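J.: To start, I am sharing the structure in question, which I have written as structure tokens.
The values are calculated or read from the model by the stated rules, or taken from the named source; none is laboratory data. Note that this is a predicted model, so its numbers are computed, not measured. Ideal geometry is used to build each Cβ from the backbone, glycine not excepted, and the neighbour counts take in all protein chains shown.
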Amino acid sequence: MYSRSCLYSNRRVVAPLAFLTVLSGALVGQTFRGAIAGSVVDTSGAAVPDAQVKIVHKGTALTRIQNTPSVGEFSFPELPTGIYTTTVTKEGFQPFKQDIEVAVGKISSLPVTLSVAAQSQTVEVQAAAATLETSEAALNAVVSTRPVQELPLNGRDFRQLLQLTPGFNAGTSMNGSRNTQNNYQLDGVDNNDLWGNEVSVNQTQVGGTPAVLLPVDAIDQFNQQAGGNADFGRDAGSMVNVVIKSGTNELHGSAYYFNRNEALASHNPFAPPNQAKPKLRNENLGFSLGGPILKNKTFFFLTYEKQRLTAGQSLQATVPSSAWIAQATTVLTKYGVQVNPVMITVFNALWPSSIQDAPAALPNFFSPAKATWRNNDGIIKFDHAFNDRHSFFAHVFVGDGEDTAFGTGTVGGTAGNVSTGSVYPNFFQTVPARQWSVAGVWNAVFTPRLVNQLLLGVNYLFASFSDVNSSYNMPSLGFNTGVTNPADFGAPKIDITGFTNGGVGPTAPIGRIDTTGHLTDSLSYQMGSHALKFGGEIRKQRLDAFYKQGSRGQFTFDGTAGPWASDNSFSTPQKALADFLAGLIGPAHASIATGDPQRVYNVNSFAAWAADNWQVTPKLNLNLGLRYTYNSPVSEVGDKGISTFLPTAPGGLALVGQGISSLYPPDKTRVDPRIGLAYAPKRGGKTVIRAGWGIYSDIINASLFVDNMAGSDTGRGIARNPIGGAPVYSVTAGPLVVQKGVPIFGTTAAPPFGVYGVNQNLRAPYVQNFNVNVQQQLTRFTLLQIGYVGSQARKLPVTTNINQPLPDPTGLLSQQQRRPYNTQFPQIAGITELATAGNSQYNSMQVSLRNTSWRGLTGQLSYTLSHARDNMSSARNNHPQDNYNLKGDYGNSDFDTRHNVSGFLLYDVPNFAKSVPRLGKGWQVNVLILHNSGFPFSAVAGQNISNSFSFNDRANLVGDPFSGIVQPSNVAGNYANGYRWFNPAAFALPAKGSFGNTHRNQFYGPHFNTTDFSIFKNTPITERISAQLRVEFFNLFNQLNLGNPNTSLGAGSSMGLIFGTKNSGIGAGVARNTQLALKIIW
């Protein structure tokens, strides 16, 4: 039975909880609320003490009142988002009144100047639509209600709008951080999946589409913040706070239906010209409803959404057709090798007959096979004000989905980090998923200057992955992998080099249940010109991981196992298929894992902080903060055992609880300082200069401990070592010839075994984030910001094989004999080690121009010029070219894109038919643009040239890869035969026993451009009800957005070719398609 519970009571939790209740933070950072802060002065600039400042929320009548101290400052922390009417009164002065918007995670600055009373008239000030941030240094990127609700969103996924944030790109990197370094929150509650440190609700699953979606109509607004004060934590890159709508005193809601159909789409440019358009049917329907239960006191909001999507996959592949088999048979004939009858049986059982007639070409097969997605998602939220001082809200989100689509499946297989999928529907990936989020938040205004917020929530995610058809019994076919348990039946992963996406068995049975309990308390206190905040949080994270990677076996046939290996008269695909037909398995080209790797893990996180937002003068604001962070070592719930490689332990392996007390020593030293400033040369002026610096600790994602390997012969995780009560044996096989019924891996697991280790100097990763920028208010509606943003990260997690075979000039030693630990531990093969030895650096110029509500126009344009470098961008199932030379992999980050442009525009068209207002009124056009200059790639050898068996060797550069490019023969405007991005003749294999001379990520792939456009017609039905017709065009100009090229010399003439667009189905960058929608709004 898998344990699915997260929150457990024990005495060790009591003390931290009590501490939080006492010590709990006006500063805004990690909070999902907003704030208003400012000062009151007279016309001479002198502070006005004892002025009454009163704010009233226009939607719910929430009211707060505060009198200014001697320095004239005021601050209202922890405010729900929305519009507030602010009134300032003082005897002898004219009353002041202004509406101001409070946005998520931001401090809205309000400088007030009172004039001496000449009469009893109130001075009403028209608020600037675009306001300067004079009270904080954090980098905020708020996307408000209108853009969220009205921009054309491909797939109805709000995350597309994250790219509007300067510094954030399509690689989901923020200011040079890894894509695992963003903290996602839903109404302030944890929305992270500890497995990969990525978003939980809206997490991309198979086919690039989320299995569960947060309904767009439920989102009020969100803020992506970087460089926050001391209450900003968990992850170092950015924090994405999404706020769910609340009910108000007015009943409001919507009912909607969105529909996409291939009849309104352009043809896939990579599909054969005579091929019918792949099927594309997407239906998205739902409703939202919010309003009062008790006026000014109790409110509700609820929403439900259903999505049903069917999409032809438009997949290019090279499949082992009859024509290819005939050519491979010629190779066998030349060398007098017979076709292996076992392999023919395997081929006929696993590969579909539909590929038989494909030509012997690269590629030779286009699959329009249908993929399906379905999900049902809903939210209910209640807000209640007990009185003026105490309020509470709670939300419950529930999502259920299931996807079946092309997926890349197993990573880190034999003969390199293979990550190919299969175009055959039997080997599509199927993913059922369940998610929910529960939150409760209590706000208490103890005094006008003392405010507390207590938050408690739980985030739950379940997802499992497998091939569609998992019924194959391989031993019964004569291909004896040793798998006899029906629960483990299914095709092994078989890759034949050169036959891209034409293999089988990409997905082993894997899955997880990730549950996080989250408690945060923050106490805010206004003391003169100091807005103090103290707080802390506990996250108890429990992960039930049942990842049986490799349990069915993994096999790579690359053309190096037969006598034809060095015969250059045959192509790599011909020789690789000859290996397969002969049943020849090369050294370490087969692997399997036996045993039970399922474990339940705990990670407990604790943080405490203190911060001061100090208004030093009316012109200068300082943000000062200190944060303590502790993440416990990964521990096990139960007694199956987790272990690590430890050279001082007997046999090289140490079980936690037997010889070592924890997997690695805990790091209790993380104290992170933060400092920022905002300086306005003129109080109430149009310019502010801001700067910030801070250290931000990070949490290591759990998948690096549980399912992570540094090569084909290494261990895969702390539950997969050959030790303990439930050992897992990771073994390799080869060279050998497959024989009918003969166990490929032997009758019993025999050493040497791959093992896994955690470096005992593992420490918490951290990032220094720093920035300086200038905000200039060009008009009351327009704000320009330009600045420098940089970061430096240290102690990032990296994965290496610390038992990689050493060079052997004599050529007399075996692979195992060349391992540095072989003398001490001859029973151990490759050793995956997780260490915190990674570094990164990022520098950028960021510019944004924002306009709000000027003559019907609202919009933003952002540009980022940046460069990100590191020695490893993602640690999972990755390793350097040379495991003993991590510095040699320092280069452009995987997510580095030099130029990034994003923007949007909403335009309310004026009435153009005044004589027929029903026709001429209510029109609106909306535009979303995204551009990046392309992401980097490495040119790889695709073979074990270095004889290090890392299978990550890079190629040699012998020419200019971007000259002499000859495009394949294609019909005009069609690329069914591929699009050549670079010239493969510019690359060659290194000399035997050496590494390539090209750098990691030295070259860049295609740029990306898309313009999404929509037009609305709003027609009133009654005074409060209107109908909205939408037509949305995705990739309006049908720009060609190329996917990534094949970068391996092992692919032969396919190297440098691109066989598809950036995404497929309904993803961004596909050929132009159209969505129709009807919304009823009240």
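J.: Part of a strand (DSSP E or B), outside the structural domain of R819 (by TED's automatic domain parsing), in contact with a Lys or Arg (Cβ under 9 Å, 6 or more places away or on another chain) and surrounded by 23 or more Cβ atoms within 10 Å (Cβ to Cβ) - does that describe any residue in the stretch 712-720? Give the steps one after another, and end with the answer.
T.: Going through the stretch 712-720, the residues part of a strand (DSSP E or B) turn out to be none.
Taking every residue of the stretch 712-720 in turn, none turns out to be part of a strand (DSSP E or B), outside the structural domain of R819 (by TED's automatic domain parsing), in contact with a Lys or Arg (Cβ under 9 Å, 6 or more places away or on another chain) and surrounded by 23 or more Cβ atoms within 10 Å (Cβ to Cβ).
J.: Consider Y842 against the criteria (1) in contact with a His (Cβ under 8 Å, 6 or more places away or on another chain); (2) among the aromatic types (F, W, Y); (3) farther than 23 Å from T799 by Cα: it satisfies all of them except one. Which criterion is unmet?
T.: Tallying (1) in contact with a His (Cβ under 8 Å, 6 or more places away or on another chain); (2) among the aromatic types (F, W, Y); (3) farther than 23 Å from T799 by Cα, Y842 fails exactly one: (3).
J.: Test G741 against the criterion of being modelled with pLDDT under 95, surrounded by fewer than 21 Cβ atoms within 10 Å (Cβ to Cβ) and not assigned by TED's automatic domain parsing to the domain that holds N877, and give yes or no.
T.: On the way: modelled with pLDDT under 95: no; surrounded by fewer than 21 Cβ atoms within 10 Å (Cβ to Cβ): yes; not assigned by TED's automatic domain parsing to the domain that holds N877: yes.
Spelling it out, it is not the case that G741 is modelled with pLDDT under 95, surrounded by fewer than 21 Cβ atoms within 10 Å (Cβ to Cβ) and not assigned by TED's automatic domain parsing to the domain that holds N877.
J.: Continuing with the same structure: Take the residues in the stretch 686-703 that are in a loop (DSSP other than H, G, I, E, B) and touching a Pro at 6+ places or on another chain (Cβ under 9 Å), then tell me which one is nearest to A130 (Cα to Cα).
T.: Of all residues in the stretch 686-703, those in a loop (DSSP other than H, G, I, E, B) come to 686, 698-702.
So of that shortlist, the ones also touching a Pro at 6+ places or on another chain (Cβ under 9 Å) come out as 698-701.
Values: D698: 33, I699: 36, I700: 38, N701: 38 Å.
Per the stated criteria, the residue is D698.
J.: Another question, if that's okay. Of N952, N1018, N977, which residue is surrounded by fewer than 20 Cβ atoms within 10 Å (Cβ to Cβ), more than 30 Å from Q846 (Cα to Cα) and of a type outside the set (D, E)? Can you show your working first?
T.: On the way: N952 fails: surrounded by fewer than 20 Cβ atoms within 10 Å (Cβ to Cβ); N977 fails: surrounded by fewer than 20 Cβ atoms within 10 Å (Cβ to Cβ).
Residue meeting the stated conditions: N1018.
J.: Go through (1) in a loop (DSSP other than H, G, I, E, B); (2) surrounded by fewer than 20 Cβ atoms within 10 Å (Cβ to Cβ); (3) basic (K, R) and name the single condition R1000 misses.
T.: Exception for R1000: condition (2).
J.: Taking the residues in the stretch 158-202 that are of a type in the set (D, E) and farther than 27 Å from E78 by Cβ as candidates, determine which candidate is surrounded by the fewest Cβ atoms within 10 Å (Cβ to Cβ). Give the steps one after another, and end with the answer.
T.: Kept after step one, since they are of a type in the set (D, E), are these residues of the stretch 158-202: 187, 190, 193, 198.
Going one step further and asking which of them are farther than 27 Å from E78 by Cβ, we end up with 193, 198.
Details: D193: 25, E198: 20.
In this case the residue turns out to be E198.
J.: Any residue in the stretch 373-387 that is hydrophobic (A, V, I, L, M, F, W, C) and modelled with pLDDT under 95 sitting within a Cβ distance under 8 Å of a residue that is surrounded by 18 or more Cβ atoms within 10 Å (Cβ to Cβ) and not in a strand (DSSP E or B)? List the pairs, counting only those 6 or more apart or interchain.
T.: W373/G207; W373/T209; W373/A211
J.: Can you name every residue in the stretch 630-654 that is within 16 Å of K668 (Cα to Cα) and in a loop (DSSP other than H, G, I, E, B)?
T.: Across the stretch 630-654, the qualifying residues are S632, P633, V634.
J.: I need the full set of residues from the stretch 802-850 which are hydroxyl-bearing (S, T, Y) and part of a strand (DSSP E or B), in order please. Show your work before the answer.
T.: Taking the stretch 802-850 as the starting set, the residues that turn out to be hydroxyl-bearing (S, T, Y) are 810, 814, 821, 823, 832, 836, 840, 842, 844, 848.
Result: T832, T836, S840, Y842, S844, S848.
J.: Then there's this: Consider K334 carefully, then state whether it is touching an Asp or Glu at 6+ places or on another chain (Cβ under 9 Å), surrounded by fewer than 16 Cβ atoms within 10 Å (Cβ to Cβ), of a type in the set (K, R) and not assigned by TED's automatic domain parsing to the domain that holds N974.
T.: yes
J.: If I ask for residues that are of a type outside the set (F, W, Y) and assigned to a strand (DSSP E or B), which ones from the stretch 243-269 would you list? Break it down into steps so the answer makes sense when it comes.
T.: In the first step, residues of the stretch 243-269 are kept if they are of a type outside the set (F, W, Y); the result is 243-255, 259-269.
Result: V243, I244, H252, G253, S254, A255, N259, R260, N261.
J.: A further question follows. Does F1013 satisfy being assigned by TED's automatic domain parsing to the domain that holds G859, modelled with pLDDT of 95 or more and loosely packed, with under 15 Cβ neighbours inside 10 Å? Write out each step before concluding.
T.: Numbers: assigned by TED's automatic domain parsing to the domain that holds G859: yes; modelled with pLDDT of 95 or more: yes; loosely packed, with under 15 Cβ neighbours inside 10 Å: no.
No: the conditions fail for F1013.
J.: Would you confirm whether any residue within the stretch 553-569 is within 30 Å of Y460 (Cβ to Cβ), surrounded by 23 or more Cβ atoms within 10 Å (Cβ to Cβ) and under 32 Å from the mean Cα position of the chain (by Cα)? Reasoning before the result, please.
T.: Start the filter on the stretch 553-569 by keeping residues that are within 30 Å of Y460 (Cβ to Cβ), which leaves none.
Checking the stretch 553-569: not a single residue is within 30 Å of Y460 (Cβ to Cβ), surrounded by 23 or more Cβ atoms within 10 Å (Cβ to Cβ) and under 32 Å from the mean Cα position of the chain (by Cα).
J.: Let me ask another. In the stretch 140-171, how many residues are of a type in the set (S, T, N, Q) and at pLDDT 95 or above?
T.: At the first step, the residues of the stretch 140-171 found to be of a type in the set (S, T, N, Q) are 140, 144-145, 149, 154, 160, 163, 165, 169.
In the following step, the residues that additionally are at pLDDT 95 or above were identified as 149, 163, 165, 169.
Going through the stretch 140-171 one residue at a time, the tally reaches 4.
J.: Mind listing whichever residues of the stretch 200-231 are assigned to a strand (DSSP E or B) and over 25 Å from Q313 (Cα atoms)?
T.: Let us first name the residues in the stretch 200-231 that are assigned to a strand (DSSP E or B), namely 204, 210, 219-226.
Selection gives I219, D220, Q221, F222, N223, Q224, Q225, A226.
J.: Looking only at residues that are over 14 Å from the mean Cα position of the chain (by Cα) and small (G, A, S) in the stretch 183-210, which one is farthest from L285 (Cα to Cα)?
T.: Among those that are over 14 Å from the mean Cα position of the chain (by Cα) and small (G, A, S), it is G188.
J.: Another question about this same structure. Do you know which of the residues in the stretch 67-115 that are β-branched (V, I, T) and assigned to a loop (DSSP other than H, G, I, E, B) is nearest to L450 (Cα to Cα)?
T.: Our first condition is that a residue be β-branched (V, I, T); within the stretch 67-115, this holds for 68, 71, 81, 83, 85-89, 100, 102, 104, 107, 112-113.
Still in the running and assigned to a loop (DSSP other than H, G, I, E, B): 68, 71, 81, 104.
Numbers: T68: 14, V71: 18, T81: 20, V104: 20 Å.
Selected residue: T68.
J.: Quick check on my filter: what residues within the stretch 340-357 are surrounded by fewer than 16 Cβ atoms within 10 Å (Cβ to Cβ) and over 20 Å from N501 (Cα atoms)?
T.: P341, T345
J.: Mind listing whichever residues of the stretch 835-859 are closer than 30 Å to F753 by Cβ and in contact with a Pro (Cβ under 6 Å, 6 or more places away or on another chain)? Show your work before the answer.
T.: Just the residues of the stretch 835-859 that are closer than 30 Å to F753 by Cβ, to begin with: 835-838.
Correct list: T836 only.
J.: Sticking with this structure for a sec: From (1) under 28 Å from I700 (Cα atoms); (2) crowded, with 18+ Cβ neighbours inside 10 Å, pick out the condition that doesn't hold for Y884.
T.: (2)
J.: Another question, then. Could you please find all residues in the stretch 751-784 being among the basic types (K, R) and modelled with pLDDT under 95?
T.: Residues of the stretch 751-784 that are among the basic types (K, R), as a first pass: 763, 780.
Scanning the stretch 751-784 gives a single hit, R780.
J.: Also: Going by the conditions given, is I1058 within 26 Å of G934 (Cα to Cα) and buried (at least 18 other Cβ atoms within 10 Å of the Cβ)? If you could, list the steps in order and put the result at the bottom.
T.: On the way: within 26 Å of G934 (Cα to Cα): yes; buried (at least 18 other Cβ atoms within 10 Å of the Cβ): yes.
Yes: the conditions hold for I1058.
J.: Which strands (runs of 3 or more DSSP E) does the stretch 538-629 wholly contain that include 3 or more residues that are more than 23 Å from M709 (Cβ to Cβ) and in contact with a Ser or Thr (Cβ under 9 Å, 6 or more places away or on another chain)?
T.: Counting at least 3 such residues, we get 599-615.
J.: In the list I642, I689, which residue meets the criterion of being in the same structural domain as F489 (by TED's automatic domain parsing), among the β-branched types (V, I, T) and closer than 21 Å to G717 by Cβ?
T.: Numbers: I689 fails: closer than 21 Å to G717 by Cβ.
From the options I642, I689, the qualifying one is I642.
J.: Separate question: Would you please name the residue that is farthest from G1065 (Cα to Cα), looking only at residues in the stretch 358-394 that are in contact with an Asp or Glu (Cβ under 7 Å, 6 or more places away or on another chain) and surrounded by 24 or more Cβ atoms within 10 Å (Cβ to Cβ)?
T.: Of everything passing the filter in the stretch 358-394, D377 is farthest from G1065 (Cα to Cα).
J.: Taking the residues in the stretch 257-305 that are hydroxyl-bearing (S, T, Y) and touching a Gly at 6+ places or on another chain (Cβ under 9 Å) as candidates, determine which candidate is farthest from N974 (Cα to Cα).
T.: Step by step, filter the stretch 257-305, then rank; the result is T298.
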